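What follows draws every value from the coordinates through simple rules; no lab data is involved. As the structure is a computational prediction, the values presented were derived from the model and not from experiment. Don't worry about glycine lacking a Cβ; one is built from the backbone with ideal geometry, like all the others, and counts go over all protein chains shown.
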Amino acid sequence: MKVLITGGTGFIGYHLGKLLSDKDCSVTLLDNLTKGALDDDVLALIARPNVSFVQVDLSDMNAVSKLDKDFTHIVHFAALLGVQNVLKNSFDVLKLNTELVINAIELAAQQENLRQFLFASTSEVYAGTLEAGCLEIPSPETSQLVLPKLDSPRTSYMLSKIYGEALCQHSHLPYTILRPHNIYGPRMGMRHVIPELLRKASTIEGEAIEVFSLHHSRTFCYVSDAVNMIFELMKNKDAIGQVFNIGNQGPEITMGDLAKLIIDIADKDLAITDMGTTQGSPERRAPEMTRLKNLTGYESEVFLQDGIKRCAEWYGKNVF
């Protein structure tokens, strides 16, 4: 495989690139570095003989058109995301994410021997269906996607990904759509519940930590399992033209129980302060994983407690 990963210095992009390089694939990480960074992890990765890095703005098609034309796989992770962008720059989220996927598709169409174009969508595509009260949980990929109110800024990221999925389906490319669900692990940043609770439990001085949406539940998937799932789909021709959840079907855990687990791992004696429900947060989110398991046979190897311990070690050393 010769693989191009857009958003390649980001969380999942980096981990996928590392896995592929271990498999002796040729890997190119593409990033404009507006959010990602050439940190020690990325520098060590691109020092490998089968890994390269190109700093390119994917929204600039003139620059994109100068890239190699012999990639067998293109994995498109690059996107404008984050709660603050969604709430404050919702137009930019819609506009830029659409431009990025269109340019990535056009680049893929220029390849001489493309086997697969993989588009990273989001579990947020199910949000309108859940709001309408007709979403099964665990949620299968066949769930009918219902649109929420279009004027809500919170819908902008999700809408850009639904449109990206439609672009893939009408592109005439050998596409595979990925819908990640609560992937966690080292280098994921701090705007996620697991590193945020780890920070609170590890560094707070007091008797309690604040936790939002105590009774809302999620399933979580450690990043090594997520990228292994993606790699299995990259090897399988039957993944072409299909949509796959990436994540774990179970176990579901409430935010309150997650906080208790993290407090135990931090070896602290802390109470939990209920901060109420976060606006727009779904009560439950869990993917149906039968389709991916039946096709690839892959099952996750990292249990939640072990994954959180790995996160605690990495964040304790590199961030806190």
(message) Quick check of the Kirkwood formula: for segment 265-307, what is the inverse mean of 1/r over all pairs of different Cα atoms, in Å?
(response) 14.8 Å
(message) Please compute the volume of the convex hull spanned by the alpha-carbon atoms of segment 235-320 and report it per residue in Å³.
(response) 159 Å³
(request) State the answer as a single residue: which of L270, L67, T219 lies farthest towards the positive end of the charge dipole of the chain, with beta carbon charges of +1 for Lys and Arg and -1 for Asp and Glu, about the Cα centre. (result) L67
(request) Could you run the Karplus curve 6.51 cos²θ - 1.76 cosθ + 1.60 with θ = phi - 60° over segment 124-138 and give me ³J(HN,Hα) per residue in whole Hz, x for Gly and Pro? (result) 5, 5, 8, 4, x, 5, 5, 4, 7, x, 10, 9, 6, 10, x
(message) Suppose we keep just the DSSP beta bridges with both residues in the chain; what percent of those would be antiparallel, to 5?
(response) 5 percent
(request) Mind putting a number on the dipole of the chain about its Cα centre? Charges go on the C-beta only, +1 for Lys and Arg and -1 for Asp and Glu, and I need it in Debye to the nearest 20. (result) 440 debye
(request) Once you have the Kirkwood Rh of the chain from its Cα pairs, apply Stokes-Einstein at 20 °C and 1.002 mPa s and quote D in µm²/s. (result) 106 µm²/s
(request) Please report, in debye to the nearest 20, how large the charge dipole of segment 1-57 is about its Cα centre when each Lys and Arg carries +1 at its beta carbon and each Asp and Glu carries -1 there. (result) 180 debye
(request) Return the long-range amide H neighbours of R115 (sequence gap of 5 or more, or a different chain), with a cut-off of under 5 Å between placed amide H atoms. (result) H73
(request) Give me the Debye-computed log₁₀ of I(q)/I(0) at q = 0.16, 0.19 Å⁻¹ for segment 170-273, equal point scatterers on Cα only, no solvent, two decimals. (result) -0.76, -0.95
(request) About the Cα centre of segment 56-119, how large is the charge dipole given +1 on each Lys and Arg Cβ and -1 on each Asp and Glu Cβ? Please answer in debye to the nearest 20. (result) 180 debye
(message) With bins 5 Å wide starting at 0, give me the P(r) of segment 146-208 over every alpha carbon pair, in whole percents.
(response) 3, 13, 15, 14, 15, 14, 11, 7, 5, 3, 1, 0
(message) Modelling each spin label as a point 7 Å along the Cα-to-Cβ direction, I'd like the D70/C134 distance in nm, to one decimal.
(response) 5.0 nm
(message) Highest mean first, how do 282-290, 207-215 rank when packing is the count of other Cβ atoms within 10 Å averaged over residues?
(response) 282-290, 207-215
(message) Quick check on segment 193-320: of the DSSP beta bridges with both residues there, what percent are antiparallel, nearest 5%?
(response) 25 percent
(message) No solvent, one uniform scatterer per C-alpha: report log10 I(q)/I(0) for segment 20-119 via the Debye equation at q = 0.15, 0.21, 0.24 1/Å, two decimals.
(response) -0.68, -1.20, -1.37
(request) Quick one: of K161/K309; K23/K66; K66/K161, which pairs are farther than 29 Å apart, Cα to Cα? (result) K161/K309
(request) Kindly provide the helix-only [θ] at 222 nm of the chain, computed as the sum of -39,500 (n - 2.57) over DSSP H runs of four or more divided by all residues, to the nearest 500 deg cm²/dmol? (result) -11500 deg cm²/dmol
(message) What does the charge count around R284 come to, taking other residues whose C-beta lies under 11 Å from its C-beta (Lys +1, Arg +1, Asp -1, Glu -1)?
(response) -1
(message) Taking the Cα centroid of segment 228-293 and of segment 26-67, what is the distance between the two, rounded to the nearest whole Å?
(response) 28 Å
(request) Would you please give the residues with an amide H less than 5 Å from that of R284, counting only those at least 5 places away or on a separate chain, with H modeled from the backbone geometry? (result) S217
(request) Please turn the phi angles of segment 245-251 into ³J(HN,Hα) values with the Karplus equation 6.51 cos²θ - 1.76 cosθ + 1.60 (θ = phi - 60°), one per residue in order, whole Hz, x for glycine and proline. (result) 5, 10, x, 10, 6, x, x
(request) For segment 33-46, just list the computed ³J(HN,Hα) in residue order, Karplus coefficients 6.51, -1.76 and 1.60, θ = phi - 60°, integers in Hz, with x standing in for Gly and Pro. (result) 6, 6, 10, x, 8, 8, 7, 4, 5, 5, 4, 5, 5, 6
(request) Compute the length gained on full extension between Q144 and D264: take 0.36 nm times their separation in residues and subtract their Cα-Cα distance, giving the result in nm to one decimal. (result) 39.2 nm
(message) Under 5 Å between amide hydrogens, which residues at least 5 positions from T28 or on another chain qualify, with H placed 1.01 Å from N in the peptide plane?
(response) V3, L4, I5, S52
